[in-house]
1. Only bridges whose two residues both fall in chain A count here: according to DSSP, what percent of them are antiparallel, nearest 5?
2. What share of Cα pairs, in percent, lie more than 14 angstrom apart in the range A:151-211?
3. From the square roots a ≥ b ≥ c of the eigenvalues of the alpha-carbon gyration tensor of the protein assembly as shown, which class results: rounded (a/c under 1.5), prolate (a/b over b/c), or oblate?
4. How big is the antiparallel share of DSSP beta bridges in the protein assembly as shown, given as a percent to the nearest 5?
5. Residue by residue through A:85-98, how many Cβ atoms from other chains fall within 10 Å of the Cβ on average?
6. For the protein assembly as shown, with the dipole built from +1 on Lys and Arg beta-carbon atoms and -1 on Asp and Glu ones, taken about the Cα centre, which of B:V256, B:L171, B:L74 lies farthest toward the positive end?
7. In a GNM of chain B with a 10 Å cut-off on Cα contacts, which of B:P99, B:P63, B:P207 has the highest mean-square fluctuation?
8. What does the charge count around B:I37 come to, taking other residues whose C-beta lies under 15 Å from its C-beta (Lys +1, Arg +1, Asp -1, Glu -1)?
Amino acid sequence: MLVELGAVGYTYLPRSEAAAQALADVSLTVGSGEFIALIGPTGSGKSTLVQIMAGLVKPTSGRVKFEGNDIWLEKARLPERRRLVGLVFQEPEKQLFEMTVEDDVAFWPRNAGVSAEAVPEMTRAALEAVGLDYPSYRERSPFTLSGGEMRRVAIAGIVVMNPRVLILDESTVGLDARGRMDLAGRIRALNQKDTAIVMVSHDMDEVAESADRVIMLAQGGIVFDGPPREAFKQTDLLAGIDLELPQVARIAARLRRQGLLGGRLPLTLAEIESDILTAFGKVPE
Amino acid sequence: MNGRSLALGQYYPARSALHTLDPRVKLLLMLALVTAIFFINNLAVMVAAGLLVPVLATVAKVPYSWVIRGLRPLLFILILTFFIHVFFTPGARLAAIGPLTATRAGLRNGAFYSLRLGLVVLFSSFVTLTTTPVQLTDAIESIFGPLKKFRLPVHEVALMMTIALRFIPTLLSEAETIMQAQKARGADFESGHIFKRAKSFVPLLIPLFISAFRRADELALAMEARGYAGGEGRTRLHVLKVRAADVVWLIGGLAVIALVVGVRWAV
Ligand SMILES: Nc1ncnc2c1ncn2[C@@H]1O[C@H](COP(=O)(O)OP(=O)(O)OP(=O)(O)O)[C@@H](O)[C@H]1O
Ligand SMILES: [Mg+2]
């Protein structure tokens, strides 16, 4: 297992009047090459959880392990482990701190002692992996970018570290429809190259399209952990935490009620297309 | 690093005689009291002056623990002061630890000087504990007001102080954010010896300055958008007025301080 959380709990401002428990008794594992969607209502603790997974925040109780070793018992190896489990923050402007896009993306390679000749090439590759043109962006100040561009630069700054696990905290919010599709495709491409992905999302269509495992969080605890098709069958659970089914599944549910569709619960456009074609007696391509 | 641990005599909201006291009177009394401490040359009087701390805390309705907390950032220096005096004052030998000998005079001096330092910090902290930063800068503006006649920008300086105080917590949390962002990309703030750790804070400074300038720009824009135009002809929401109680405090306070100072020559 790459990342393993054992009975993790987290309280903001412990020992004060304002103490707020954000997580309680959370256990989960992330295996190599998985694509996990982390869903849950606002304030359920998703951002807190991913910061703990990335080793940026120390849990107030429980263990965080990377490849079987407790990361907080080996502080000297924390930087290396934070590279292997890369987190893209929920607010991209909080992730950027250098004067130019190039310096920002090159922060890790330069500090990690990558040879000076290799750095520009790595930077270019990372920017291109998120769909930004290196020559036209390298000199820009990160703070003059649009929200969507900032997100991409923030992701590039993490992708350049070549992490084993890439965690994205609502990283497609603020993009237009095309940009979202484009970025989702790029993230899937990284996943194909054996990077495990943990994606926090409120967009169930996106979850249905990409994830092969769904973890549902409610009030700081895991209420479901399993494949998407199972997740979207938990209608009571979903309603209880104000989450909608993916559009495709909602359409399928209506067609089903009309007796037009049977069998499995389709989640993606491709699935419902082939189900409808089959229902009309046509052979899907 | 969380904001609370850095609270050095941070404002404690309560309704007490000290809270409602005119901030100018508080500032003057504090200055007089701190000066008086330096006139004390006798451990017994110093201890007696120390008894003022719980008295003031009670009057101010600030919990003792909150008052003592103001000493935390200084703890190391206090302890160091104490031990340097204990071991490096010549005099009658009390005990020896390795090559170091503690002396009776050293013990006395150590207690005296660390108590003096502690009291100076504690007494000054009563001003910030019971006065909001805004009241404090108002007081400073009022005290230095006459200097406006010499074309000194008193109002502007006071405004700068207010803004600076207001933004300390913001900058701290900003620093924390940038630290997290750099940690997420392999920066190391936690391991290594103290010099290596101190060095890892250097790359933090430039982004912090950049963001401070960005904030300053935004603030200037927001203030202009709301019609702020500087000190000339500006009226105040809270006008500082000296009341009878303030005069009583001022006279009473100065009398106590005179007593403390007078003991030096009386004994
Ligand atoms: N710095 C903080 N201090 C105190 N409480 C906090 C802090 N950050 C988060 N919390 C609290 O912890 C809980 C979990 O917050 P978290 O940010 O992890 O939620 P989330 O699931 O990411 O929400 P969202 O979907 O809105 O991003 C919330 O109740 C929040 O109010
Ligand atoms: Mg969040």
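The values are calculated or read from the model by the stated rules, or taken from the named source; none is laboratory data. Here the structure is a predicted model, which means the values were calculated and not measured. Reconstructed Cβ throughout: ideal geometry from the backbone, glycine too, with neighbour counts over all protein chains shown. The area values use the complete protein model at the heavy-atom level, side chains included, leaving out ligands, DNA and RNA. Shrake-Rupley method; radii C 1.70, N 1.55, O 1.52, S 1.80 Å.
1. Of those bridges, close to 55 percent are antiparallel.
2. Cα-Cα pairs of the range A:151-211 separated by over 14 Å account for 54 percent.
3. The shape class here is prolate.
4. Here the share of antiparallel DSSP bridges comes out near 60 percent.
5. Across the residues of A:85-98, the mean count of other-chain Cβ atoms within 10 Å is 4.
6. B:V256
7. B:P99
8. Result for the neighbourhood of B:I37: +2.
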